[in-house]
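Beneath this line is the structure, given in structure tokens, with notes to follow.
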Amino acid sequence: SFVAGVIHPWRVSAFERLLWRACRGYLVANFVEMPEPMEDPTTGESITWVIFLISYWGEQIGQKIRKISDCFHCHVYPYPESEASREDTISGLHSQIQDLSVVLEETEQYLAQVLDKVVVALPTWRVQVQKMKAIYLVLNLCSFDVTEKCLIAEVWCPVRDLTQVQDALRQGSYKSGSSVECFVQRIPTSESPPTLIRTNKFTAGFQSIVDAYGVASYQEVNPAPYAIITFPFIFAIMFGDVGHGLLMFLFALWMVLYEDSPSLRQASNEIWLTFFEGRYLILLMGAFSIYTGFIYNECFSKATVIFPSAWSVATMANHSSWSSAYLATHPSLTLDPNVSGVFRGPYPFGIDPIWSLATNHLNFLNSFKMKMSVVLGIVHMSFGVLLGAFNHVHFRQWHRLVLELLPEMIFLLALFGYLVFLVFYKWITFTAAESLVAPSILIHFIDMFLFTSNADNLPLYRGQVPVQTVLVVLALASVPVLLVGTPLYRWSRSRAPRTGRPAPVATVEQEPLLEGQEAGNSVNSTKEDVESGEHGADDKHLDLAEIFMHQAIHTIEYCLGCVSNTASYLRLWALSLAHAQLSEVLWTMVMRNGFVRLSYVGGVVLVPVFAAFAVLTVAILLVMEGLSAFLHALRLHWVEFQNKFYVGAGYKLCPFAFAPDAWE
């Protein structure tokens, strides 16, 4: 008789040895490896099995062989006795294999067709599943009513969109066939509402800059509309160059014109997406840089002669009778504006191009840009303080107009506004003939704080010392008012007897919410909470020490900030000069050497020279200097400007919505 099967190759030697010992040689065993490996049905491992065929004598030996095969986990198969039966079995197996192969092939083809159809529908299915999960996530936040037959959702909704929400709920009830109609009911709350600022693709970049500092408190003045103009302008002061601004403008214009291109919108580079989202900001920065470049009269560090120069070298030469020997010994010549006809009036627009040839060009621009930075900085800060008046008026905080805004403006204008006045007064009053005896504004400003006068430094106008004394006294007197005014006012109100709780003041935006509500059930519990974005304590439980501490910190921060912030605006002067000098160095070291040191082969060699100049211009002056100017402009808006009026203690309204970009 025969026993046939397969065994793992690692167990063949032990299996053969045990068979020989147990059956005492009454068998003949043949072992052959399979030509191809097969998968183990239990472990899934690919194994080259060993086929064995054992011929034995006697039924007892056959039972021993089967038991040993079971112990070694062999797969035993029936082996027919006759040759005809074996041939029938083999032919049956071959036909079965062919049938299975056909079935498998047809199944694979069918699965491939199904998968091809699924690939087309898979993005839509994914969006549907994500939308359904998002909807059910929101529905899980709702609560059941007492009967557990309807859902109740407490949400924030803009007053302007309330009718749209009601229409949408009504249509949803109709389409779903519900017997109960959905409805909206206003509920009173003491929580501070979220902030919703509607933006478009143009204003979104500027609003994101403001939101990075802090989300506006509910109904607070939003700095973003003003930053649309002030941010690119302050950037352009530090980046003023016609050529560099034009390159930046053209780059942003290309992104704006092709903003609907999927290749630009769906790029995976995070840095590129940052540039793309701020394309309108970059567009305005480039446009303003072109404007300030014309003011500075710089285009790749070279001056442009749009109008004829107001300085006449010929008149100075005729007046001084410069000889050839004098010109040979004096490489630098002086143009005296006091000589009639040498200076014929100011240049029509910007800086005269003749200054680019002067040896004292840097000294002239130093004085001009330093004073310009101080003037623009004080104007910018004063505008920020004035914007606080809109907050006080809107929230009916009249005491803050008198006890905070007025002392802040007096302190800022009496000291630093007076400095701006001195700068303009000196520019207008003193001519070139009086320039040698013109007094120093810096010394006058120092003497102003010391309540003294300097005999060596002539006064700018009559009665200057008494005026400066009065201004310093006013500035110093405004500090105690700013320090104790608001705390004493709130303390006096908390001690005053009250007949009842006053009704909250409804603003224009809140009036629809207050219809049909009782006094005291408005969205905002107190007027103070609206600006702070927090729950306010009752006036009866005011902590006077805490109020004084808060106001003292605000007073110290504002008074010291006026000094430090004014000095901080000098970065406009420093970065503007640095950008101009880097541009000039790049031109002198690269392009100028390419023009001067080249002979007849200059046309060929100038190509790589210009390529190096272009690469360095883009890498250093556009990217690195542009990023530096952007960060400094960002700091000036966050710290020096927004700090004067902007609280930024709110939180955004995050409505449930399917963003279009995510589902396209």
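The values are calculated or read from the model by the stated rules, or taken from the named source; none is laboratory data. Note that the coordinates shown come from a computational prediction; the quantities given were computed from them, not determined experimentally. Cβ coordinates were reconstructed from backbone atoms using ideal geometry, including for glycine residues, and neighbour counts include every protein chain displayed. Quick note on the areas: whole protein, heavy atoms, side chains included, nothing else; ligands and nucleic acids left out. Shrake-Rupley method; radii C 1.70, N 1.55, O 1.52, S 1.80 Å.
If you take the Cα centroid of the stretch 109-173 and the Cα centroid of the stretch 193-231, the two points sit 30 Å apart.
Relative to the longest principal axis of the Cα atoms of the chain, helix 279-296 runs at roughly 30 degrees.
Applying a threshold of 20 Å to the alpha-carbon distances of LYS133/LYS201; LYS302/LYS426; LYS201/LYS652; LYS371/LYS644 flags LYS133/LYS201; LYS302/LYS426; LYS371/LYS644 as lying beyond it. Compared with the dominant principal axis of the Cα atoms in the chain, helix 544-568 is inclined by about 70°.
Classify the stretch 2-79 as rounded, prolate or oblate, taking a ≥ b ≥ c as the square roots of the eigenvalues of its Cα gyration tensor: rounded when a/c is under 1.5, otherwise prolate if a/b is larger than b/c and oblate if not. Walk me through the numbers on the way to the answer.
Values: a/c = 1.99, a/b = 1.98, b/c = 1.01.
Verdict is prolate for the stretch 2-79.
On the beta carbon distance between PHE449 and ASN366, with R0 = 30 Å, the FRET formula returns roughly 0.75. Rounded to the nearest 10 degrees, the angle from helix 571-586 to the longest Cα principal axis of the chain is 70 degrees. The portion of the accessible surface of the chain made up by carbon and sulfur, rounded to a whole percent, is 64 (1.4 Å probe; DNA, RNA and ligands excluded).
Lys/Arg Cβ at +1, Asp/Glu Cβ at -1, dipole of the chain taken about the Cα centre: which of THR334, THR617, ILE351 is farthest positive-ward? After comparing all options, I get THR334.
Express in nm, to one decimal, how much length is gained between LYS201 and ALA22 on full extension, taking 0.36 nm for each residue of separation and deducting their alpha carbon distance. All intermediate terms of the calculation are to be shown ahead of the outcome.
On the way: separation 179, 0.36 × 179 = 64.44 nm, distance 8.86 nm.
Additional length available on full extension: 55.6 nm.
For a paramagnetic label modelled on ALA432 (point 7 Å from Cα along Cα→Cβ), amide N atoms under 19 Å away belong, within the stretch 278-312, to 307-312. Between the alpha-carbon centres of the stretch 344-371 and the stretch 256-332 there is a gap of 14 Å.
Taking 0.36 nm per residue of separation and subtracting the current Cα-Cα distance, fully stretching the chain between PHE658 and VAL473 would add 60.6 nm.
Determine, from the Cβ-Cβ distance of GLU81 and VAL118 and an R0 of 60 Å, the FRET efficiency 1/(1 + (r/R0)^6), rounded to the nearest 0.05. Taking R0 as 60 Å, the efficiency between GLU81 and VAL118 is 0.70. What separates the Cα centres of the stretch 574-652 and the stretch 30-76 is a distance of 81 Å.
Treating only the Cβ atoms of Lys and Arg (+1) and Asp and Glu (-1) as charged, compute the dipole magnitude of the stretch 89-143 about its Cα centre; round to the nearest 20 debye. Before the final figure, lay out the partial values.
Numbers: 4 positive and 5 negative charges, 126 e Å.
Value, rounded to 20: 600 debye.
The simple Förster model, with R0 at 45 Å and r as the Cβ-Cβ distance, assigns GLU45 and VAL127 a FRET efficiency of 0.65.
Karplus-based coupling profile of the stretch 319-335, in residue order and whole Hz: 6, 8, 6, 5, 9, 5, 5, 5, 5, 6, 9, 10, x, 10, 10, 9, 9, with θ = phi - 60° in 6.51 cos²θ - 1.76 cosθ + 1.60 and x standing for Gly or Pro. Basic side chains Lys and Arg get +1 at the Cβ, acidic Asp and Glu get -1 at the Cβ, and with that the dipole of the chain about its Cα centre reaches some 2000 debye. Once the Cα-Cα distance is subtracted from the 0.36 nm per residue extended length, the GLU191 to VAL32 segment shows a gain of 48.9 nm.
Look at the dipole of the stretch 2-79 built from charges on Cβ: of TRP49, GLY25, CYS71, the Cα furthest out on the positive end belongs to GLY25.
Mind checking the dipole of the stretch 2-79: about its Cα centre, +1 per Lys or Arg Cβ, -1 per Asp or Glu Cβ, Debye to the nearest 20? List each step's numbers first, then the result.
On the way: 7 positive and 8 negative charges, 116 e Å.
Computed about the Cα centre, the dipole is about 560 debye.
Dividing the mean sequence gap of close Cα pairs (under 8 Å, 6+ apart) by how many residues the stretch 2-79 holds gives a relative contact order of 49 percent. Which entry is the computed volume of the Cα convex hull per residue in Å³ for this structure: (i) 397; (ii) 172; (iii) 246? Comparing each candidate, only (i) matches the computed number.
Would you compute the Debye intensity of the stretch 329-426 from its alpha-carbon atoms alone, equal scatterers and no solvent, and pass along log10 I(q)/I(0) at q = 0.17 Å⁻¹ to two decimals? Calculated log10 I(q)/I(0) at the listed q: -0.89. What the phi angles of the stretch 452-465 give under the Karplus curve with 6.51, -1.76 and 1.60, with θ = phi - 60°, is a coupling list of 10, 10, 10, 5, 6, 10, 5, x, 6, 8, 6, x, 5, 5 Hz, glycine and proline written as x.
Compute the accessible area per residue over the stretch 288-417, keeping the other protein chains in place, probe 1.4 Å, unit Å². In whole numbers, the stretch 288-417 has 51 Å² accessible per residue.
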